[in-house]
Structures are given as C-alpha cells and as structure tokens.
1. For n ≥ 4 DSSP H runs only, could you compute -39500 (n - 2.57) per run for the chain, divide by its residues and tell me the 222 nm figure to the nearest 500?
2. Give me the angle, in degrees from 0 to 90, between the Cα long axis of helix 3-15 and the longest principal axis of the Cα atoms of the chain, rounded to the nearest 10.
3. Output the 0 to 90 degree angle, nearest 10, between the alpha-carbon long axis of helix 208-222 and the longest principal axis computed from the alpha carbons of the chain.
4. State the answer as a single residue: which of PRO138, ALA125, SER93 lies farthest towards the positive end of the charge dipole of the stretch 75-141, with beta carbon charges of +1 for Lys and Arg and -1 for Asp and Glu, about the Cα centre.
5. Semi-axes of the equivalent ellipsoid for the stretch 1-63, please: Cα gyration tensor eigenvalues, times 5, square-rooted, ordered largest first, whole Å.
6. Under the classification rounded if a/c is under 1.5, otherwise prolate if a/b is larger than b/c and oblate if not, where does the chain fall, given a ≥ b ≥ c as square roots of the Cα gyration tensor eigenvalues?
7. GNM, the chain, Cα, under 10 Å: largest mean-square fluctuation among GLU167, GLU33, GLU143?
8. Taking a 31 Å limit on the Cα-Cα distance, which of the listed pairs LYS32/LYS173; LYS12/LYS55; LYS55/LYS173 fall beyond it?
Amino acid sequence: MDHVLQLELIEKEVVSCRACPRLVAWREKVAKEKRAAYKDQEYWGLPVPGFGDPKARILIVGLAPGAHGANRTGRVFTGDRSGDFLYAALYRSGLANQPESVDLGDGLKLKNVFITSPVKCVPPANKPNQKEQSRCRPFFEREISALINVKVVVALGQIGYTSAAVEFGLSPKPKFSHGLEIEIDENKKLLCSYHVSQQNTFTGRLTESMFDSVIKRAKIIAGD
C-alpha cells in the first residue's frame, strides 16, 4: 500500500479507537467540562493522530495530546502554549508556513516534518500507564513504518525518547539528555530535546535558542 494511504488509514483507525477505558473516560470528561476560556467551543474529545508531511525526513515525537490543546482542537500540539513554542520554532526554521497553530482550519502546513506521539489520547495528569502505552504502540509503530523517508527522529522529553528508543531497538539506551545524538543505523539518527511543555519553556529550562539548535541539527542530518 502507498505510504500516504497507509497514513490516512492509520489516522482513521486512531480517531475511532476506544481501547483504553480510563483514557476514553478522561478525554470525554475534559471535552464535556471544558476550560472556561473555551466554554463556547466544541472539543475534539477523540484520539489525536499524527500530522505533517508524508514525505518527511524529520519525525518529531512527543508524549500525548494536551487536555485543552490537541484534545480540544484535534491536531497534535495545536491550541496550547507547547504548540505555540514548537510551531514558532518550525516556522523560524522554514519547516512550517506559519508561526502558530490554533485549530484544524488555520491553514498550517509542514514541510519535511511529521509530528506524532506514542500515546494518542490525553491521559490524566499527563501520565499514561504502561498498559495504555502498550495498547497505543501499534499505531506509533505503523506511522513510523509508513514514513519511509525519515532520516532523523527528534524525541521530546523522556517518554518521547524512551518510545523512540524502544521502537528502533536502542537497548541498552544511553541516559536521556538535551542535545543527545544517537546513531540508529547508517541512514538514521535520533536527537533529544527537553519537551516543549510550559513547565520547561516558562522556567527557562528550554529556551528558543536551545530548541532552535536541535531543529537546526535535525535539518542538517536530514539534508534539508
């Protein structure tokens, strides 16, 4: 099957998934109760598939949808501060056509980048359990298999790194650190960054220049 069609099929299957009762209950609860600032908006309240360029040479791996970001808008890193930070960086690097992402109809397009997460539903306290991660893993594995041009994987945070390391057979893996670079094979590398969460960006643990450096390195490896 053509890799674009594979990604479209995976997207449909992701959106219809109800495999994890705890996550289904939580994502729907958040979508019903809403945040006051978004009380007049209809929340997505479903699993969130990957998004980006099917021909991407750069794959960015996060953790899971944000409760009032992707769980509200239906697109990864869209509608919250984490997404604001990420997409602004991609825009500065020439990998996105605009510096922000607010909803599915905002016209955002990515060039040479695909973004996904190993967990497709928003988890309580941003902490999916091991069983939930295992149930979701086949979607993540199939996305990676369909992205046949990927040369570099950018892992955001410890869970993004662990998920990518397991997927690419990096065991025993080196300890996570910002800027860590690992050779997956002769054609592919893994780069690590602190997650673009508010906890990191608001405290200065992850600055724009730090993240820009990771994205710049990813572009060099990808030959962009």
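Each value in this text was obtained by applying a stated rule to the coordinates, not by laboratory testing. Model, not experiment: these values are computed from the prediction. Note: ideal-geometry Cβ built from the backbone for every residue, glycine included; neighbour counts use all protein chains shown.
1. Calculated from helices alone, the mean residue ellipticity at 222 nm is -12000 deg cm²/dmol.
2. Here the helix axis deviates by roughly 30 degrees.
3. It is inclined by approximately 60 degrees.
4. With unit charges placed on the Cβ atoms, the residue in question is PRO138.
5. 27, 15, 11
6. Rounded.
7. Comparing GLU167, GLU33, GLU143 in a Gaussian network model of the chain, the most mobile one is GLU33.
8. Details: LYS32/LYS173 40 Å; LYS12/LYS55 19 Å; LYS55/LYS173 28 Å.
Check vs 31 Å cut-off fails for LYS32/LYS173.
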